[in-house]
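Worksheet for the structure shown next.
The values are calculated or read from the model by the stated rules, or taken from the named source; none is laboratory data. Model, not experiment: these values are computed from the prediction. Here the Cβ positions follow ideal geometry from the backbone for every residue, glycine too, while neighbour counts run over all protein chains shown. Side chains included, ligands, DNA and RNA excluded: accessible areas come from the protein's heavy atoms. Shrake-Rupley method; radii C 1.70, N 1.55, O 1.52, S 1.80 Å.
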Amino acid sequence: MTDALVFRDVRAIDPAVGRDERCDVVVERGLLTRIGPGASQGFTPNDRVRVVDGGGCWLLPALVDQHVHLREPGYEYKEDIASGLAAAAAGGYAHVCAMPNTNPVNDTRAVTELMLARGAECTGARLHPIVAITRGLEGKQLTELAELKAAGAVGASDDGRCVTSSTMMLRALEYARNFNLPIIQHAEDHELTQGALMHEGEISARLGLRGWPRVAEDAIIARDVLFAEYVGARYHAAHISTAGAVRILREAKARGISVTCEVTPHHLLLTDQAVLGYDTACKVNPPLREAEDMAALRSALADGTIDVIATDHAPQSSLEKDCEFAEAAPGLVGLELCLPLMLGLVREGTLSLGRLLDAMSTQPARIMGISAPTLQERALAELTLVDPELAWTPATTRLATKSRNTPFLDRTLVGRAVMTLVGGTVVHDLAGGRA
Ligand code: DOR
Ligand code: ZN
């Protein structure tokens with residue numbers, strides 16, 4: 001008697017191992033035991049087998065998001081660890097890295113351990129904490145990175161705030177190098193962005209909203225690249241948004257400096273034009289830029305200069321969004337929308353499916369030191385079954401996240417994760433009807 005989960009006749013795709021074939025995939029005791037044509041045969045009527053009829057669906061390595069805000073502890077009315085990890089699973093993710101701008105800030109072992117313990121109780125994706133670089137995100141005193149790494153931290157960032165002090169940044173890189181922890185920068189020279197509400201350009205001038213100039217991002221990244229080279233440490237630029245950041249990071253990589261970077265779906269799909277109607281769902285930090293930036297981000301993602309697509313899932317409640325543009329908090333939810341939105345880029349030919357999966361699974365896993373989900377026999381089953389044709393609208397769908405702050409709410413999306421396995425267990429399941 002076996003307990004098995006069988007995906008019959010799926011398109012199994014894992015570019016990391018050169019796999020793209022129509023076949024069956026068998027999961028037993030949480031492991032991928034057989035992949036290949038006819039692999040579903042050989043079970044007896046006594047075996048307890050669930051067969052998922054894959055006709056037309058894709059089976060992929062589960063996704064990894066290295067940049068999310070789960071809001072617990074402190075802001076559970078926006079999201080909590082349970083709802084955030086459920087949203088991740090519903091979006092096809094097996095692993096998410098949670099930013100430390102909670103309340104209290106995750107700058108101590110106690111908060112890191114609390115988050116890990118809460119995460120372990122929840123059904124959904126696995127949580128990996130990112131800890132603060134400086135205490136209270138105040139930019140003045142380094143946190144105890146050695147102790148925090150021992151407690152389970154996978155990286156350090158003051159995300160939401162930039163580490164603008166050169167002394168702090170240099171010391172953080174030196175300290176983190178000792179244990180190979182990535183330092184993740186939110187690149188924004190706060191002196192240059194004081195009071196800024198959107199990208200600085202023609203539209204900010206027309207709307208009379210104070211602008212956030214591109215160079216406030218570029219200047220920090222240029223400095224940090226020099227620091228990363230000087231120290232020989234691992235540096236990762238979060239949510240890059242400008243053509244200038246792309247150029248600087250491309251040059252740094254060409255010179256062999258150990259830098260990596262990510263882009264969000266919203267910076268790939270929207271420009272500052274979206275702010276014309278003062279839609280607070282489009283208020284985000286860094287702000288939506290211009291068409292030339294979006295084009296540079298797209299081509300850098302396609303050629304691998306940008307390593308990763310990360311959602312920067314930033315839930316906000318109606319308290320923070322149903323108000324004047326100037327008062328609104330920045331951020332968009334992304335976990336349940338990212339894959340369908342990005343599949344649109346694949347369909348229009350901007351991105352290959354292989355590069356998409358590399359950027360949404362293999363690369364973020366590598367950068368954050370997480371074992372990368374893969375479609376190989378004997379591997380742990382961390383899989384996402386995607387129906388690439390399924391059309392749906394977030395506004396009329398039950399979402400797992402507690403918040404609704406996204407300008408894509410009324411968009412018809414095509415493609416959706418219908419099943420997600422994490423650590424060998426099914427944690428998201430819309431495939432019932434297909435069984
Ligand atoms: O839009 C943003 N929201 N950008 C950030 O850097 C922080 C985030 C948040 O925490 O809400
Ligand atoms: Zn963020």
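Pairing each residue of the range 76-100 that is aromatic (F, W, Y) with any residue that is buried (at least 24 other Cβ atoms within 10 Å of the Cβ), provided the two are 6+ apart or on different chains, yields C-beta distances under 7 Å for Y93/A62; Y93/L63; Y93/V64; Y93/D65; Y93/A125; Y93/L335. Among the residues of the range 155-172, the ones that are under 16 Å from N106 (Cβ atoms), touching a Gly at 6+ places or on another chain (Cβ under 9 Å) and either of a type in the set (S, T, N, Q) or crowded, with 22+ Cβ neighbours inside 10 Å (or both) come to 3 in all.
Being open to solvent by less than 20 Å² (accessible area, probe 1.4 Å) and in a helix (DSSP H, G or I): is that true of A274 here? Taking the combined requirement at face value, the residue does not satisfy it. Only one of the numbered conditions (1) more than 16 Å from ligand 1 (Cβ to nearest atom); (2) open to solvent by 10 Å² or more (accessible area, probe 1.4 Å); (3) over 22 Å from A12 (Cβ atoms) is violated by A329, and that is (1).
Specify the residue that is farthest from the chain's Cα centre (by Cα); the eligible residues are those in the range 37-57 that are open to solvent by less than 40 Å² (accessible area, probe 1.4 Å) and modelled with pLDDT of 95 or more. Residue satisfying both the conditions and the ranking: V52. Of all residues being small (G, A, S) and closer than 22 Å to V263 by Cβ in the range 58-89, which is nearest to the chain's Cα centre (by Cα)? Just the residue, please. Only one residue tops the list, namely A88.
Checking each residue in the range 284-316 for being open to solvent by 20 Å² or more (accessible area, probe 1.4 Å) and within 14 Å of ligand 1 (Cβ to nearest atom) picks out only N285. For the range 70-101, a residue qualifies if it is within 15 Å of ligand 1 (Cβ to nearest atom), open to solvent by less than 10 Å² (accessible area, probe 1.4 Å) and not hydrophobic (A, V, I, L, M, F, W, C), and the qualifying residues are E79, G84, P100. Among the residues here, P364 does not qualify as open to solvent by less than 10 Å² (accessible area, probe 1.4 Å), touching a Lys or Arg at 6+ places or on another chain (Cβ under 7 Å), in contact (Cβ under 8 Å) with a residue 12 or more places away in the chain and within 16 Å of ligand 2 (Cβ to nearest atom).
For the range 132-150, check the following and say yes or no: at least one residue is open to solvent by less than 10 Å² (accessible area, probe 1.4 Å), within 16 Å of ligand 1 (Cβ to nearest atom) and out of contact with any Asp or Glu (no Cβ under 8 Å at 6 or more places or on another chain). No: the range 132-150 contains no residue that is open to solvent by less than 10 Å² (accessible area, probe 1.4 Å), within 16 Å of ligand 1 (Cβ to nearest atom) and out of contact with any Asp or Glu (no Cβ under 8 Å at 6 or more places or on another chain).
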